[in-house]
Structure formats: structure tokens, C-alpha cells
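Working notes, beginning with the structure itself.
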Amino acid sequence: MINIVLFGKPGAGKGTQAEFLKGKYNLVHLSTGDIFRFNIKNDTELGRLAQTFMDKGDLVPDAVTIQMLQSEVDRNPQAAGFLFDGFPRTLAQAEALDAFLSSKNEEITATVALEADDNILVARLLERGKTSGRPDDQDEEKIRNRYDEYNQKTAPLMHYYSAQNKFYAVDGIGSIEEVTERLSAVLDQL
Ligand code: AMP
């Protein structure tokens, strides 16, 4: 199995790139943000809980997120590999993911971060907010809070995966095709 984690601040292009990569490498794409939004749309208990955090740009608590992710992995027993998008976002999530995969004799193959300057990303998100309908894309304060969450809780994971020789970074600025090529160059040499 190939199991890839896609890192990047909100707006860095994780979702867009995941759409290409999942087909190219035959991976099941799991976006925790998308799964939460699906639950909100369907007014599930999980959705109502997640919404209170997401609307403010805060992370949803680890216990809820980890359990949800694990059940999504378990729902795909035939998968040739996973593309994790937006998970893990905290050290507790990364450790839980390692333990969970290792219980299945699997592991994370590599993690790749899409890097981009904050100011470019804020502008991109505000633009996306005009059409995405996402409340967390429409307010600069919420967007900045999502970056604070990323810097405080998610950025340290780069050290966690670097220590395992599993961390790669690519420049996220450029055309969609250019960025896909940079990501493919990393994944092809794994
Ligand atoms: P995203 O679509 O990845 O930008 O995620 C949107 C929002 O969903 C985030 O701002 C969080 O509130 C929540 N979320 C998504 N993934 C996670 C995660 N792994 N841990 C905690 N909260 C998450």
C-alpha cells in the first residue's frame, strides 16, 4: 500500500491536487474537511458537533476526528492506498494514525507539504469564499485563525515526519499542472 499525507495551509491547493493524484496513483482520497461538510449538510450529530468548531476556524477535537477517520479507512478494505488530505492536523492525530496503520501492518509512506505564502493564500481563500459558500472562507479573521491553528498544531508535524525520513515539501505556487508535476516527481521516486 502507498499511504500519502498531503499537508498545506488552507487554500494551498490540497483538494485540487488530491483530485489528480488519487486517479494517477489509485488512492482512496480521504478529506476530513469534506467528510465533516458532508455531515453538516446531512445534519448528522457529528455534523452538528463539528460545525461549532469549523465555523470559528478552530480544529474539531482530536477524539472525534480520529474516530471518524478510522471508520472511513475501515470502510475501504479494498483500497490500494490512501491519500489523507487535511489529516493529521495535530501530533495526537499523527500518533493515532501511525498506531492505527501499524495495527493493520501498514504505515505512512510519505507526507508532502504544499508550500505557499500566507498573504497569497488569504487572497485565494477570500476569492474561493465568494463561490464556495463556506462560512470559514468568507471572513478574514476566521481564515487567520485557521492559519494560527495550522502554525501552532499542524506545522510541528513536519518535524515528526522528518524524523522518520517521510517529509517532503513542494512549491505550491504555479499552475495546477505545474504543482501536480512537482508532487508526482516526489511520489514517483518513493
Ligand atoms: P479543510 O476543508 O481541510 O480546510 O477543513 C475545514 C475545517 O474542518 C477545519 O478548519 C477544521 O475545523 C475541520 N477539520 C478538518 N480536518 C480536521 C482535522 N484533521 N482535525 C481537526 N479539525 C479538522
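Quick note: the coordinates plus some simple rules give every number you see, no bench work behind them. Predicted model only: the values in this text are computed from it and were never measured. Note that each Cβ is placed from the backbone with ideal geometry, even for glycine, and that neighbours are counted across all protein chains shown.
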Using 0.36 nm times the number of residues separating ARG134 and SER103, minus their current alpha carbon distance, what extension gain do you get? 7.6 nm
Please compute the volume of the convex hull spanned by the alpha-carbon atoms of segment 1-119 and report it per residue in Å³. 113
Across segment 94-190, qualifying lysine pairs (alpha carbons under 26 Å, at least 8 places apart or different chains) come out at 4
Using 1/(1 + (r/R0)^6) with R0 = 35 angstrom and r between the beta carbons of ASP34 and GLU141, what's the FRET efficiency to the nearest 0.05? 0.90
Take the alpha-carbon centre of segment 92-126, take the same for segment 29-61, and report the distance between them in whole Å. 18
Would you mind telling me which residue in GLN138, GLN78, GLN152 has the biggest mean-square fluctuation in a Gaussian network model of the chain, where springs connect alpha carbons within a distance under 10 angstrom? GLN78
Extension reserve of the ASN26-THR52 stretch, reckoned as 0.36 nm per residue once the Cα distance is removed: 6.0 nm
If you stretched the chain out fully between GLU45 and ALA92, how much longer would it get, using 0.36 nm times the residue separation minus the C-alpha to C-alpha distance? 14.6 nm
Cα centre as origin, Lys/Arg/Asp/Glu Cβ charges: segment 11-169 dipole, Debye: 340
For LYS24, list the lysines whose Cα falls under 17 Å from its own Cα; do not include residues on the same chain fewer than 8 positions away. LYS14
Estimated [θ] at 222 nm from DSSP helical runs (n ≥ 4, -39500 (n - 2.57)) normalised by residues in the chain, nearest 500: -16000 deg cm²/dmol
Among GLN93, PRO156, VAL122, whose Cα projects farthest towards the positive end of the dipole of segment 2-179, with charges put on the beta-carbon of Lys, Arg (+1) and Asp, Glu (-1)? GLN93
In terms of the charge dipole of the chain, which places +1 on Lys and Arg and -1 on Asp and Glu at the beta carbon, the residue among ASN3, GLN67, ASN39 farthest towards the positive end is ASN39
Looking only at segment 2-21, which residues have a backbone nitrogen under 18 Å from a spot 7 Å from the Cα of ALA80 in the C-beta direction? 2-5, 18-21
Which FRET efficiency value, to the nearest 0.05, is calculated for VAL64 and ASP188 with the Förster distance at 35 angstrom and r the Cβ-Cβ distance? 0.50
Using only the Cα atoms of segment 56-105, what are the Rg and Dmax in Å? 11.3, 37
So, over other residues within a Cβ distance under 14 Å of LEU91, counting Lys, Arg +1 and Asp, Glu -1, the net charge is -2
